[in-house]
Amino acid sequence: MQAFRPARHGGPEGPHYNWGTEQHMITRREFGKLTLASIALPRVAAAAVDSNVAGVRVGVQTYSFRDMPRPAGGDAVDTIIKAMTDCGLGECEVWAPQIEPQQPAGRGRPAADVQRAREELRAWRLDTPLDRFRQIRKKFEAAGLSIYAYNYSPNASYSDAEIDRGFEMAAALGAEIITSSTTLDVARRIAPLAEKHRMVVAMHGHSNTSSPGEFASPESFAEVMRLSKYFKINLDIGHFTAAGFDAVQYLREHHGAVTNLHIKDRKKNQGDNVPWGTGDTPIREVLQLLKRERWPIRAYIEYEHRGEGTPVAEVAKCYAFVKQALA
């Protein structure tokens, strides 16, 4: 999961929004009508997809499927559901941009277009009926899938109403928690809203240890958790390793504060994302620790390295790695 700002090593950090430019051919109201109309639920729900491996709840950050096509004017819900079903993964953390209006790629747009697009996205978030998110939940449930977390990452441009709306969206989706890539300053604004909604917000860290307000080190996690009893940690063990920290040690000492993990492989010293098993991230050791200690911490695959196959094929490889590591 991640903030709407650039980051060297990627992660669900959200693109700039400019769906109000001339390139975009439908309005936000039309988008809402199209996406609601496109959700046709089966009459009988499928059996729940079980991706529990040796007592460890394994799932996926849907950012892993970010490069898969989605219908024009629609969301990526059908794409995600099919991808998860094909991989055999039963639970997920939904990356917010995949259910928001799709944004045209490219930089260097006129500032006025960027600002207009930002205001239109704000209006979409505030005005879209919550029934749309409830329908998305039902569609996942009908496929035997569950949404554990909603990855909604406010930055300084978000209004308080926009931040508040994220909690309502998450509840409508059936998510138990929100995960968020943000900063300490924004977290101070999130804290009273987490108290209001009594919902956990798990802060996602990256590997940037030099910028004030970023979450990367154990100390930065401790600082943000002091702001609210509802603040927890979504530990990305790849980023944590790249930043020079020990994920196994952190989990042993702070497992009670960790909601879910993002599993990926990176090299130390701000190294790249690499195919699983070729980097420095202690994936096997972390998974074995979860298995042995039976902590209720989800382990979610996050495909970020450059693979040779499709996102579905690469996530399936990662899932096979998890099964082998837990055997």
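The values are calculated or read from the model by the stated rules, or taken from the named source; none is laboratory data. Just so we're clear, the structure is a prediction, and the values are computed from it rather than from any experiment. In this analysis, Cβ positions are derived from the backbone assuming ideal geometry, glycine residues included, and neighbour counts consider all displayed protein chains. The area values use the complete protein model at the heavy-atom level, side chains included, leaving out ligands, DNA and RNA. Shrake-Rupley method; radii C 1.70, N 1.55, O 1.52, S 1.80 Å.
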- Item | Efficiency of FRET between residue 116 and residue 195 - r from beta-carbon atoms, R0 30 angstrom, step 0.05 | 0.35
- Message: Only Cα pairs within less than 10 Å get springs; with that Gaussian network setup on the chain, which residue of 192, 154, 97 has the largest fluctuation?
- Response: 192
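Roughly speaking, what is the stretch gain from residue 268 to residue 54, that is 0.36 nm per residue apart minus the C-alpha to C-alpha distance, in nm to one decimal?
74.2 nm is the gain from fully extending residue 268 to residue 54.
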- Please tell me which of these pairs span more than 29 angstrom C-alpha to C-alpha: 82/196; 139/267; 267/323? 82/196; 139/267
- Message: Give me Rg/Rg_expected for region 93-155, where Rg uses Cα atoms only and Rg_expected = 2.2 N^0.38 Å with N residues.
- Response: 1.36
- Work out Dmax and Rg for region 119-268 from the C-alpha atoms and quote the Rg first, both in angstrom. 15.9, 45
- Query: Using alpha-carbon pairs under 8 Å, 6+ residues apart, how would you state the relative contact order of the chain in percent?
  - Reply: 19
- At what distance in angstrom do the alpha carbon centres of region 271-327 and region 123-177 lie from each other? 27
- Quantify, in whole percent, the carbon and sulfur part of the accessible surface of region 175-327 (1.4 Å probe; protein heavy atoms only). 47
- trypsin sites (Lys or Arg not before Pro) restricted to DSSP loop in region 226-327 with at most 10 other C-beta within 10 Å: 226, 294, 306
- Message: Using the basic label-point model (7 angstrom from Cα toward the beta carbon), what is the residue 47 to residue 310 distance in nanometres?
- Response: 2.5
- Where in region 99-143 does the amide nitrogen come within less than 16 Å of the point 7 Å from the Cα of residue 72, taken along Cα to Cβ? 102-105
- So which trypsin sites (Lys or Arg not before Pro) in region 80-123 end up in coil per DSSP with only 15 or fewer other C-beta atoms within 10 Å? 107
- Task: Enumerate the amide H contacts of residue 280 below 5 Å, restricted to partners 5 or more residues apart or on another chain; note that Pro and chain-start residues carry no placed amide H.
- Result: 266, 267, 268
- Task: Write down the accessible area per residue of region 229-327 in Å², having rolled a 1.4 Å probe over the full set of protein chains.
- Result: 43
- Query: Efficiency by 1/(1 + (r/R0)^6): what FRET value for residue 162 and residue 257, r their Cβ-Cβ distance, R0 = 45 Å, to the nearest 0.05?
  - Reply: 0.95
- Candidates per trypsin sites (Lys or Arg not before Pro) in region 128-199, loop by DSSP, up to 15 other Cβ within 10 Å: 198
